[in-house]
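Please read the structure below before turning to the comments.
The values are calculated or read from the model by the stated rules, or taken from the named source; none is laboratory data. These figures come from a predicted structure and were not determined experimentally. Counting neighbours? That spans all protein chains shown, and the Cβs are built from the backbone with ideal geometry, glycine included. The protein model used for the area step is the full one, side chains on, heavy atoms only, and it has no ligands, DNA or RNA in it. Shrake-Rupley method; radii C 1.70, N 1.55, O 1.52, S 1.80 Å.
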Amino acid sequence: MHPPVPDRIHETVAELKDKGVDVVRVTYPDLIGTDRGRDVLVDHLPSVCAHGLAFCRAVYHTTPRGETLAVAGGLDAGLPDVCVYPELDTLRLIPWEPGVAWCLGETTDPATGELAPEGPRSVLRDVLARMARESGLRPVVGPELEYFLCESDGNGGWKRYGEATGNVYVAGRRGDPDAHLLRTLRHLHKLGIGATTGNHEYSSGQFEINLDHSEALDAADRAYLFKASIKELARLDGMLATFMAKPFNDEGGSGFHFHMSCLDADDANAFDGPGEPYGLSAVAGHAIAGILKHAPAIAALLNPTVNSYKRFGPDTLAPWLIDWGLDNRSAMVRIPPERGPGARLEVRLGDATANPYLATAALVAAAHLGIRDQLAPPAPLEGYGYDTSKAPVLPASLAEALDAFAADSDLIGLLGKEFADAFLTYKRDEVARFNQHVTDWEFAEYAYHL
């Protein structure tokens, strides 16, 4: 990867100083989508753009508990570096951190100069390039994310913020007594990531903020920045924001829905099909079929934690079966009623823990495979779903989803074998650690009577 043109770097530094910026925060996503990074004093930005920032490659192999796993290219290679270069086009001021600008970084392998194979942004870039080259299409994505906001319980733990029932789709102090959502929306607007609307969701302390649609890499960038911002803004208020799929036994989970279409070479919506069945083009039908065919495998990337599969089940309004329907929220792939420029798919499979880059890459890859192979979808779901006689069931656990991913050679061919091997090693370790952990449920169930 070549560093930016030096003249542009110096112009950028001057512009940042004019805006009162003295620090640039360069961040990038790890395998689970958590932001990693370094603060750079603005006078040193030209040097960083020319030479990059060195990080140990094993950052991609480090678990949330801090253990470094034996993934190929990490421990076995003596813990070599990756190099992170700032993407100056992504610079933006951080409204809640005066004097600080935020910049996304792209990770490279310093030995080859190529994009790092485990880098989630690199994986998405490669998939998009492949789709553009082979089908001439550019995916457009609108991310839709839910999360829980928690406040201190006074005993070192957390409880849901604004506990009350029946507050779905409310705005104002009834579901948000401290106006946290209002402050968050205003900060996100100033951050410039395309936040459009926000509301209280179904469960106590649960909120949803929608982001505008854009081409897939930009949409994933904005979703990544959104998740990092939500957690940081909660910390500033002494609270905890979590995108965990299902953090509470007595409430539903948090989803990550993707509204997706594709632009053709003329910038027209390739999914619109006037006069065709359901008003959808053949390309849209192929994309739907590809997503359905590869759903068991992409579940590993859209539902990437042990906890993810506790969100699924009948009557949860989270997908349970591999199906699609017309404006049907009980289907895994919903087709909203808009046609023309607004024709799109809403893929409801993902939960909020999904890494925006890897989830987007998986969806685009599955859609591309359906288009490439000209797959035909089954008949759409009619009525309320969750009938196992009408559609196959999604994987019931992360272990099952990982096995399906490992077996999907076409999908791995698009996402990259090195990435797939790293992801599978990382996530199978998570499954193994959980299987050995004694839970509170087990103690409550067995200790007294047995």
For this session: Go through 310-320, 440-450, 205-215, 376-386 and give me the packing order, highest mean Cβ count within 10 Å leading.
Result: 205-215, 310-320, 376-386, 440-450
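Within 10 Å, count the other beta carbons around each residue, average over each peptide in 111-123, 90-102, and list them highest first.
Working: 111-123: 20.5, 90-102: 16.6.
For the peptides 111-123, 90-102, the packing ranking is 111-123, 90-102.
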Problem set entry | FRET efficiency, 1/(1 + (r/R0)^6) with R0 45 Å, evaluated for residue 435 and residue 134 via beta carbons | 0.65
Seminar exercise, completed: So the number of lysine pairs in the chain with alpha-carbon atoms under 27 angstrom apart, 8 or more residues apart or on different chains, is 27
Seminar exercise, completed: To the nearest 20 debye, the chain has a Cα-centred charge dipole, built from +1 on Lys and Arg Cβ and -1 on Asp and Glu Cβ, of 360
Exercise. So how far, in whole Å, is the C-alpha centre of region 139-197 from the one of region 253-294?
Worked result: 30
Seminar exercise, completed: The alpha-carbon center of region 22-64 and that of region 361-438 are separated, in whole Å, by 30
Exercise. Of 16, 55, 82, which is farthest on the positive side of the dipole of the chain, counting Cα position, with +1 on Lys and Arg Cβ, -1 on Asp and Glu Cβ, and the Cα centre as origin?
Worked result: 16
Exercise. Roughly what % antiparallel, to the nearest 5, for the DSSP beta bridges in the chain?
Worked result: 85
For this session: Determine ³J(HN,Hα), in whole Hz, for all residues of region 405-421 in sequence, where each value follows from phi through the Karplus function 6.51 cos²θ - 1.76 cosθ + 1.60 and θ = phi - 60°; x replaces Gly and Pro.
Result: 5, 4, 8, 8, 5, 5, 5, 5, x, 7, 7, x, 5, 4, 4, 4, 4
Exercise. Picking from 209, 388, 162, whose Cα lies most toward the positive end of the charge dipole for the chain (charges on Cβ: Lys, Arg +1; Asp, Glu -1)?
Worked result: 162
Seminar exercise, completed: Only helices counted: for the chain, with every DSSP H run of 4 or more residues adding -39500 (n - 2.57) and the sum spread over all residues, [θ] at 222 nm is -10500 deg cm²/dmol
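Taking the mean number of other Cβ atoms within 10 Å as a proxy for protection, how do you rank 295-302, 136-143, 16-23 from highest to lowest?
Working: 295-302: 26.2, 136-143: 21.8, 16-23: 13.5.
Final packing ranking: 295-302, 136-143, 16-23.
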For this session: Mind checking region 1-95 for GluC sites (Glu not before Pro) that DSSP puts in a loop (not H, G, I, E or B) and that have at most 14 other Cβ atoms within 10 Å?
Result: 67
Exercise. Just one of (i) -0.53, -0.93, -1.30; (ii) -0.41, -0.80, -1.31; (iii) -0.35, -0.75, -1.47 is log10 I(q)/I(0) by the Debye sum over Cα atoms at q = 0.07, 0.10, 0.14 Å⁻¹ as worked out from the coordinates here. Which one is it?
Worked result: (iii)
Problem set entry | Restricting region 352-433 to trypsin sites (Lys or Arg not before Pro) in coil, as DSSP defines it, with at most 15 other Cβ within 10 Å | 390
For this session: Can you sort 429, 327 by 1.4 Å-probe accessible area, starting with the largest?
Result: 327, 429
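If a/c stays under 1.5 just call it rounded; otherwise compare a/b with b/c (prolate if a/b is bigger, oblate if not). Do that for region 162-269, with a ≥ b ≥ c from the square roots of the Cα gyration tensor eigenvalues.
On the way: a/c = 2.07, a/b = 1.70, b/c = 1.22.
In terms of gyration-tensor shape, prolate.
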